[in-house]
Amino acid sequence: MAATAALGIMCKTPQPEHSKTRLAASFGPAAAANLSACFLKDVAAAIEAVPERLGRRGYAVYAPAGTEQALSALIPPAFGLLLQTSDDFGQVLLGTARGLLAAGHDCVLLVNGDSPTLPPAFLAEAIELLRRPGDRAVLGPATDGGYYLIGLKQAHPRLFGDIVWGTGTVAQRTRERASEIGLPMAELPEWYDIDDAEAFGWLTEELAGRSERFRNGGPAAATRAYLATFGGGAR
């Protein structure tokens with residue numbers, strides 16, 4: 001059987017009052033939830049844009065339970081659904097990696113659901129790096145000190161231990177954990193996720209073609225179309 005990479009989007013099903021709460025302060029809860037839905041659609045589209053010759057399948061790794069129907073409307077029909085069952089994000093990441101590897105995938109990429117312009121080329125590069133001989137990991141560092149992607153060939157618990165999630169030290173601590181266990185870690189170019197007004201500004205600049213920092217991003221078709229409806233984005 002041909003090797004198949006699993007690409008799991010780490011996400012919460014978009015719901016008003018529960019999605020993108022920092023953006024909701026600027027746009028309101030309904031618009032923030034709609035933006036979250038667009039981001040998810042665009043990340044899923046980036047996964048679908050990875051060349052099929054590489055062998056890949058997308059998944060949505062989601063919460064809360066009971067939102068499967070709403071989530072399924074946002075992702076391609078071929079995507080699998082995996083429910084998050086822990087409040088500890090490190091355990092969610094570790095459990096997802098273990099489950100997808102046990103399902104027969106040769107490698108796993110766990111991807112942030114809040115990066116609508118994530119270049120598909122980054123995902124393809126991560127798969128190719130992981131398929132080199134020997135165990136290794138791949139990290140996609142984010143501008144906020146976290147990461148937008150971690151790729152694995154084996155589920156290493158130490159990579160997710162003693163990390164304060166949601167802080168600016170996550171990527172560095174992950175590098176340190178990899179060094180502790182002697183795991184080679186390749187790095188992708190830096191990218192960003194949209195959690196606050198500053199990052200939203202980066203997004204609008206990028207979509208308008210005015211960004212000096214972020215270039216050659218994905219098309220973000222769903223996000224671009226939604227922003228145009230309320231005058232919040234590039235034309």
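When the criteria are applied in full, Gly95 fails the requirement of being under 30 Å from Lys153 (Cα atoms) and in contact (Cβ under 8 Å) with a residue 60 or more places away in the chain. Is it true that Gly90 is free of Cβ contacts under 8 Å to residues at least 24 places away in the same chain and not in a strand (DSSP E or B)? Considered against the rule, which asks whether it is free of Cβ contacts under 8 Å to residues at least 24 places away in the same chain and not in a strand (DSSP E or B), Gly90 comes out as no. If you go through the stretch 1-31 and keep only what is assigned to a helix (DSSP H, G or I), at pLDDT below 90 and not charged (D, E, K, R), you end up with Thr21, Leu23, Ala24, Ala25, Ser26, Phe27. Residues considered: Ala197, Ala222. Of these, the only one that is aliphatic (A, V, I, L, M) and touching an Asp or Glu at 6+ places or on another chain (Cβ under 9 Å) is Ala222. Count of the stretch 21-50 residues, restricted to those that are touching a residue at least 12 places away in the same chain (Cβ under 8 Å) and within 20 Å of Tyr148 (Cβ to Cβ), is 19. Looking across the stretch 147-190, just one residue is surrounded by 14 or more Cβ atoms within 10 Å (Cβ to Cβ), over 14 Å from Leu94 (Cβ atoms), touching a Phe, Trp or Tyr at 6+ places or on another chain (Cβ under 8 Å) and not aliphatic (A, V, I, L, M), and that is Tyr148. Tally up the residues in the stretch 107-146 that are small (Gly, Ala, Ser), buried (at least 24 other Cβ atoms within 10 Å of the Cβ) and either free of Cβ contacts under 8 Å to residues at least 40 places away in the same chain or part of a strand (DSSP E or B) (or both), please. Qualifying residue count for the region: 2.
The values are calculated or read from the model by the stated rules, or taken from the named source; none is laboratory data. Predicted model, so just to flag it, every value in this text is computed and none were measured. Cβ atoms come from the backbone with ideal geometry, glycine included; neighbour counts cover every protein chain shown.
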